[in-house]
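The values are calculated or read from the model by the stated rules, or taken from the named source; none is laboratory data. Everything quoted here is computed from the prediction, not taken from an experiment. A quick note on method: Cβ atoms are made from the backbone with ideal geometry, for glycine too, and the neighbour counts reach across all protein chains shown. Only protein heavy atoms, including side chains, enter the accessible area calculation; ligands, DNA and RNA are left aside. Shrake-Rupley method; radii C 1.70, N 1.55, O 1.52, S 1.80 Å.
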Amino acid sequence: MSNLPGFLDFTRPGPGFVDDSQLHPFVRFWKRYGRHFFKLLQVNLVYALVTLPVYGWLMSLINAVTTQTGGGVVSVLGSLLLYVALGWPVWLRAALVGGSILLLGPATAALGRAALDCAWSRPGLFWPNFWEAWRRSWRQALPVGLADVLAVFATLYYLVDGETFFGAAGGVLKVLWLALALVYAMARVYVYPIMATVELPLGALLRDSLALALLRPWRPLAVVGITAVLCALCLAADLVLIPCFLYSFAAFSAAFFTQPVIQEHLLAPAARAEEGNEES
């Protein structure tokens, strides 16, 4: 039937089929990102609204520290948030920041599922999958989100005041902490894509994330580098990057780079083991 011309060729892909598997990974990355750009923009806006109080709190601490040291941070969105929130009661600001911290993990799990669907054109409805991932993963994602907040603020503290707090050993501890923070960031790149792909206990999820990060380190390092560049740009352009691009682009990068490794080392062995059990 494939030799028949025109509409009689039933083996030819339809007009909605897009096969980019033969493209160079760099081209394929941008082609898929562009194809799902508006979906990713929408989900980034939702995530930004959820995490906006945490971002405002973070920028207030950074501005306070840099002011004490004689410097300054240019952050339009951060300054705007501080200006608006200064007139609010303390209990309201604390409630917003606390609620945002508690929602950080589940929101990131849902963002990771949406990014995975876009990066690998997984079937299903976009927004129902987003909210289903939020509902299904919140128990695992909640402690991971709390760990993320703790890691970010602890790292900032050690970078700014590590030498003063630990005296002569501060420089050594700062380097050690940076190394641990890098390993944590690399493992975290895998946490949410694995969470969106396969159901695992929390301990197994963290163990596999660390193992895969160390097995193919260039992939998580690339995602960490991309995220670091975007975060640096946020100091001058956060009014655009935070609501529109930052979170979804980082999640899309993580999904794109990690899924081949997850497929090779987690899904494929599980499928082979299941086939062996059925045969026996």
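Using the basic label-point model (7 angstrom from Cα toward the beta carbon), what is the Cys231 to Ser121 distance in nanometres?
Each label point lies 7 Å from its Cα, and together they span 3.3 nm.
Work out, step by step, the length gained on full extension between Leu49 and Ala211: first 0.36 nm times the residue separation, then minus their alpha carbon distance; give nm to one decimal.
Working it through step by step, the gained length comes to 55.0 nm.
Return one whole number: the accessible area per residue of region 191-280 in Å², for a 1.4 Å probe.
Per residue, region 191-280 has 48 Å² of solvent-accessible surface.
Any idea how far apart Glu264 and Trp131 come out in nm if each label point goes 7 Å out from Cα toward Cβ?
So the two model labels end up 3.8 nm from each other.
Probe radius 1.4 Å, ligands and nucleic acids ignored: give me the carbon and sulfur share of the accessible area of region 78-122 as a rounded percent.
78
When the accessible area of region 205-249 is split by element with a 1.4 Å probe, what percent falls to carbon and sulfur?
Heavy-atom surface of region 205-249 belonging to carbon and sulfur, 1.4 Å probe: 83 percent.
Within region 245-264, which residues have the backbone N less than 17 Å from the label spot 7 Å out from Phe26 along Cα→beta-carbon, could you tell me?
Hits in region 245-264 for Phe26 at 17 Å: 257.
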